[in-house]
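Novice: Encoded as structure tokens, here's the structure I'll be asking about.
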Amino acid sequence: MSYVNEIYEKVVAKNPSEPEFHQAIKEVLDSIAVVIEANEEEYRKLGLLERLVEPERLIAFRVPWVDDNGQVQVNKGFRVQFNSAIGPYKGGLRFHPSVNQGILKFLGFEQIFKNSLTGLPIGGGKGGSDFDPKGKSEMEVMRFCQSFMTELYKYIGADQDVPAGDIGVGGREIGYLFGQYKRITGLYEGVLTGKGLTWGGSLVRTQATGYGAIYILDEMLKQNGKELAGKTVLISGSGNVAIYATEKCQQLGAKVVAMNDSNGYIYDPNGIQLDIIKDIKEVRRGRIKEYVEAVPTATYTEGKGIWTIPCNIAVPCATQNEIDLEDAKTLVAGGVMAVVEGSNMPTTLEATEYFQENGILFMPGKAANAGGVATSALEMSQNSQRLSWTFEEVDEMLQNIMVDIYRKTADAAERYDLAGNFVAGANIAGFEKVVDAMMSQGIV
């Protein structure tokens, strides 16, 4: 049995009932098999893959809090500190009912390679809770965040582990978490990113993941003789990533015609009016269906189906495994030429393979959505230096980082005779840097 298959089988046996984690491990190991086979004897001796797939630390705790009726509620809290070979752990906190240990391990494992690709000194981690901020009052969210940080603070720090936001954790939640950390420790340090601009945050951080995905899309198209201007784009989701991916697409001359949320999708053949989406989602915290009340020419459809709309480019920005094989077939039949993952692993393995087999330009999330964590690392730098850079300075650095990620990804694929396979290229480029650091630091 090959070393890759041996490790995958061990992961499945040791981590039952964690399908997302299994999927992430398989996708990465299969795509870097050419590198592993070339170094198998040394990697086996050092137990390198065994160490790579096992988190350095897995923290689980209960989070008791009191709701507005005086009733005590209890949620689960987690922090997965996966790999610190190239820097302190870095990765978001997710507050959502779907959060469990397996999903966070999948996200933390992906984060290792995503962070490596940025070229910045940050390791991989992830965390969160099964708490759902939706429908909770401001005071309930604050009490939960304070209770969550009362346990988490023991394991994080500016040079140890620097969480950020993710699904369900925006500026409001980061503020409550940071306030409690400062209250407990007496330290005003860059322990969280995504902070408010008046107290240590970075310009562009809000836009970074969405902008970054489109910057790498634009570079991929240019390097393959195509252009973004004039293209029809579908963007799933309507949160932070989707909103700013839409904004950057529009700035670069593309037309985004559809967005969605967990209830259904809107289709506006004239192009999404982003100011209306921002008002619904960022100001009123409403549902996407409210768009058709302001734009009568648009349509709203309950349930899934956004990928049935013909398009040139698809940018999934919602959640994992939202594009399956049937969706991929529908997109290809509808004329898609490029797919860029704005979220973490939104495309199943079967769908990814189908896109690649049909010559679709496909950029995986660990490369395409690295803009958020890259700008988080830039926020860490500003905090360490007690500086605040301009929007233009940070945006230029972000664009340079995303263009560099494309080049690293394309170059790694070409070095192993896999030209155009950006999934393999991203995994190889991220893996090589992490493995070099692990081997240099001994058996730890």
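The values are calculated or read from the model by the stated rules, or taken from the named source; none is laboratory data. The shown structure was predicted, so the numbers you read here are calculated from the model rather than taken from an experiment. Note that each Cβ is placed from the backbone with ideal geometry, even for glycine, and that neighbours are counted across all protein chains shown.
Novice: Please go through the range 120-169 and pick out each residue that is at pLDDT below 95 and among the basic types (K, R).
Specialist: K134, the sole residue that qualifies.
Novice: Cβ-Cβ distance below 8 Å, separation of 6 or more or different chains: which pairs start in the range 152-181 with a residue that is free of Cβ contacts under 8 Å to residues at least 40 places away in the same chain and within 15 Å of S129 (Cβ to Cβ) and end on one that is in a strand (DSSP E or B) and not acidic (D, E)?
Specialist: Hits for this filter: I174/A164; I174/G165.
Novice: Tell me which residues, restricted to the range 352-388, are assigned to a loop (DSSP other than H, G, I, E, B) and surrounded by 24 or more Cβ atoms within 10 Å (Cβ to Cβ). Outline the logic, then answer.
Specialist: Taking the range 352-388 first, the residues assigned to a loop (DSSP other than H, G, I, E, B) are 358-360, 364, 369-370, 386-388.
Residues satisfying the conditions are P364, N369, A370.
Novice: Using the structure shown, decide if S262 is of a type outside the set (A, V, I, L, M, F, W, C), crowded, with 20+ Cβ neighbours inside 10 Å and over 17 Å from A370 (Cα atoms).
Specialist: Numbers: of a type outside the set (A, V, I, L, M, F, W, C): yes; crowded, with 20+ Cβ neighbours inside 10 Å: no; over 17 Å from A370 (Cα atoms): yes.
Against the criterion (of a type outside the set (A, V, I, L, M, F, W, C), crowded, with 20+ Cβ neighbours inside 10 Å and over 17 Å from A370 (Cα atoms)), S262 does not qualify.
Novice: With the structure loaded, tell me whether N69 is assigned to a helix (DSSP H, G or I) and of a type in the set (S, T, N, Q) or whether it fails that test. Spell out how you get there, then give the answer.
Specialist: Working: assigned to a helix (DSSP H, G or I): no; of a type in the set (S, T, N, Q): yes.
The answer is no for N69.
Novice: Cβ-Cβ distance below 7 Å, separation of 6 or more or different chains: which pairs start in the range 183-205 with a residue that is over 19 Å from E393 (Cβ atoms) and end on one that is among the aromatic types (F, W, Y) and in a loop (DSSP other than H, G, I, E, B)?
Specialist: From residues that are over 19 Å from E393 (Cβ atoms), there are no pairs.
Novice: Which condition from (1) surrounded by fewer than 18 Cβ atoms within 10 Å (Cβ to Cβ); (2) part of a loop (DSSP other than H, G, I, E, B) is the one that G342 breaks?
Specialist: Here G342 clears every test but (1).
Novice: While we're here: For the range 252-307, which residues satisfy the criterion of being charged (D, E, K, R), out of contact with any strand residue (DSSP E or B) (no Cβ under 9 Å at 6 or more places or on another chain) and in contact (Cβ under 8 Å) with a residue 12 or more places away in the chain?
Specialist: D261, K278, K281, E282
Novice: Could you figure out which of (1) modelled with pLDDT of 95 or more; (2) within 21 Å of N15 (Cα to Cα); (3) surrounded by 19 or more Cβ atoms within 10 Å (Cβ to Cβ) isn't true of N100?
Specialist: Result: N100 passes all but (3).
Novice: Scan (1) within 30 Å of T390 (Cα to Cα); (2) not in a strand (DSSP E or B) for the single condition V256 breaks and write down its number.
Specialist: (2)
Novice: Taking the range 288-329 as the region of interest, how many residues are under 25 Å from the mean Cα position of the chain (by Cα), at pLDDT 95 or above and over 20 Å from G271 (Cβ atoms)?
Specialist: The number of residues fulfilling the criteria is 8.
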